[in-house]
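Inspection log for the structure reproduced underneath, given as structure tokens.
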Amino acid sequence: MAKGKVTIDENYCKGCELCVSVCPKKVLKLSETRINEAGYNPAEVVNDDCIACTSCARMCPDSAITVEKID
Amino acid sequence: MSVVYEKSKGLTDVKLHYCPGCAHGIVHKLLAECLEEMSETENAIACVPVGCAVMANKYFNFDAIQCAHGRAPATATGIKRVDPSKIVITYQGDGDLASIGTCEIVHAAARGEKITTIFINNGIYGMTGGQMAPTTLPGMKATTAKHGRDVKVQGNPIRVSEMLATLDGPVYIERVSVTTPGQVAQAKKAIMKALKVQKEGLGFGFVEVVSSCPTNWGLTAVKAMEYVKEKMIPYYPLGVFKDLTGEGK
Ligand SMILES: Cc1ncc(C[n+]2csc(CCOP(=O)(O)OP(=O)(O)O)c2C)c(N)n1
Ligand code: SF4
Ligand code: SF4
Ligand code: SF4
Ligand SMILES: [Mg+2]
């Protein structure tokens, strides 16, 4: 299976958790320790299991997520 | 490494003012992605509503005009008839389209205007704080239906896609939703098809998106998507209601 890498543009994130809810590999989680400039707990990457499926990024209303495939 | 998904160039860098997890943002992206993929961002004009999406013109990286409440289809009609080479889109909420603007959408559809309408059905007046909309479900609470909509008092919801599909004017009508990545992909296909119907000069295209309003529904964004799946979609079934393109589904 493809390996991927997601990058979250934290200051666009509103901590809505839609990305977290659709990730099949439980790669994402809202930060419990950090808040962004708008006061939200941003989503962050918690493991290396990303398969570059793009589900999280397609659900993100704020277009905060970029997905790369590791060739 | 290769980028497989990034923010559409059809959107500006302005941060959306929408509440966390509001589906308006998802649909904005889909419209922007479709126009980008069709190479039409330079040629598109969006007619944006009164409602939470009133400032969509700041987010769309293409031309846009803010319309009087509910009148986007009339504005779009004027623009398209003056310059048929433009891709003209109306983006409207359910208060905007199905309440104050019912006249405009019905007649634009009946006339078969060569425009594309994206209709955001979140069952409520979002911007003004959660009043009942024509699309509010029976039993669903709103600030103006404190104990839930009672159809004997407040009347029945309107299924706009089905209603417009009875008219001879429209060429393409589909209802979609955005509660899962699969549904988001289907919604994008529908918007793309409605835009192509316009580009090819075939006529009026209409995409209803069964959407969410986490704030006024009093739910988290994730729970609001579940509400759409469990309550809204059974009342507003997804699918194609009219397709005169001859392409089938
Ligand atoms: C002529 C006029 N009447 C009423 C209003 C108040 N108003 C602003 S937005 C809105 C309804 C918005 O609801 P909807 O179209 O469903 O959009 P949403 O915010 O849910 O996306 C109303 C009634 C107004 N701005 N102008
Ligand atoms: S691309 Fe797929 S696997 Fe990777 S974080 Fe996003 S949803 Fe999870
Ligand atoms: S979907 Fe987007 S805005 Fe919502 S938590 Fe994930 S990255 Fe943040
Ligand atoms: S009030 Fe509702 S429709 Fe408006 S931005 Fe907030 S969640 Fe979205
Ligand atoms: Mg609404």
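Confirm whether A:Asn11 is facing another protein chain (nearest Cβ under 10 Å) and open to solvent by 50 Å² or more (accessible area, probe 1.4 Å). Yes, satisfied.
Scoring B:Lys242 on the criteria (1) over 27 Å from B:Gly10 (Cα atoms); (2) assigned to a helix (DSSP H, G or I); (3) of a type in the set (Lys, Arg) leaves a single failure, condition (2).
Of everything listed in (1) surrounded by 18 or more Cβ atoms within 10 Å (Cβ to Cβ); (2) more than 10 Å from chain B (Cβ to nearest Cβ); (3) of a type outside the set (Val, Ile, Thr), the single unmet condition for A:Cys60 is (2). Being in contact with a strand residue (DSSP E or B) (Cβ under 7 Å, 6 or more places away or on another chain), within 11 Å of chain B (Cβ to nearest Cβ), open to solvent by 20 Å² or more (accessible area, probe 1.4 Å) and not polar (S, T, N, Q) is a property that does not hold for A:Val45. Do we have B:Val50 as among the β-branched types (Val, Ile, Thr), within 14 Å of another protein chain (Cβ to nearest Cβ) and on the phi < 0 side of the Ramachandran plot here? Against the criterion (among the β-branched types (Val, Ile, Thr), within 14 Å of another protein chain (Cβ to nearest Cβ) and on the phi < 0 side of the Ramachandran plot), B:Val50 does not qualify. For the stretch A:14-27, filtering for residues that are charged (D, E, K, R) and within 7 Å of chain B (Cβ to nearest Cβ) leaves 2. Would you say B:Tyr236 is without any contact (Cβ under 8 Å) to a residue 24 or more places away in the chain and either β-branched (Val, Ile, Thr) or closer than 30 Å to B:Lys146 by Cβ (or both)? No; evaluated as a whole, the condition is false for this residue.
Counting the residues of the stretch B:180-190 that are in contact with a Ser or Thr (Cβ under 8 Å, 6 or more places away or on another chain) and crowded, with 21+ Cβ neighbours inside 10 Å gives 2. Count of the stretch B:45-68 residues, restricted to those that are over 27 Å from B:Met132 (Cα atoms), open to solvent by less than 50 Å² (accessible area, probe 1.4 Å) and touching a Gly at 6+ places or on another chain (Cβ under 8 Å), is 2.
Checking the stretch B:175-188 against the condition returns no match, with no residue being part of a loop (DSSP other than H, G, I, E, B) and more than 16 Å from ligand 2 (Cβ to nearest atom).
Conditions tested, residue by residue: (1) open to solvent by less than 60 Å² (accessible area, probe 1.4 Å); (2) away from ligand 5 (no atom under 16 Å from the Cβ); (3) part of a loop (DSSP other than H, G, I, E, B).
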{"residue": "A:Glu32", "(1), (2), (3)": "no, yes, yes"}
{"residue": "A:Glu37", "(1), (2), (3)": "no, yes, yes"}
{"residue": "A:Cys50", "(1), (2), (3)": "yes, yes, yes"}
{"residue": "A:Cys56", "(1), (2), (3)": "yes, yes, no"}
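Of all the listed residues (B:Thr128, B:Thr135), the sole one being surrounded by fewer than 24 Cβ atoms within 10 Å (Cβ to Cβ) and part of a loop (DSSP other than H, G, I, E, B) is B:Thr128. For the structure I just gave you, tell me whether B:Arg175 is charged (D, E, K, R) and either surrounded by 24 or more Cβ atoms within 10 Å (Cβ to Cβ) or within 14 Å of ligand 1 (Cβ to nearest atom) (or both). So B:Arg175 passes the test. When the test is whether a residue is assigned to a helix (DSSP H, G or I), open to solvent by 10 Å² or more (accessible area, probe 1.4 Å) and within 10 Å of chain A (Cβ to nearest Cβ), B:Glu42 does not pass it. Taken over the stretch B:9-29, the criterion of being more than 16 Å from ligand 4 (Cβ to nearest atom) and open to solvent by less than 10 Å² (accessible area, probe 1.4 Å) is satisfied by B:Gly10 alone. For the list (1) closer than 15 Å to B:Cys22 by Cα; (2) of a type outside the set (Lys, Arg); (3) within 8 Å of chain B (Cβ to nearest Cβ), I need the number of the one condition that A:Glu68 fails. Just one mismatch for A:Glu68, condition (1).
The values are calculated or read from the model by the stated rules, or taken from the named source; none is laboratory data. Since the model is a prediction, treat every value here as computed from it, not as a measurement. Glycine also receives a Cβ, built like all others from the backbone with ideal geometry; neighbour counts cover every protein chain displayed. What goes into the accessible areas is simple: the full protein's heavy atoms, side chains included, and nothing from ligands, DNA or RNA. Shrake-Rupley method; radii C 1.70, N 1.55, O 1.52, S 1.80 Å.
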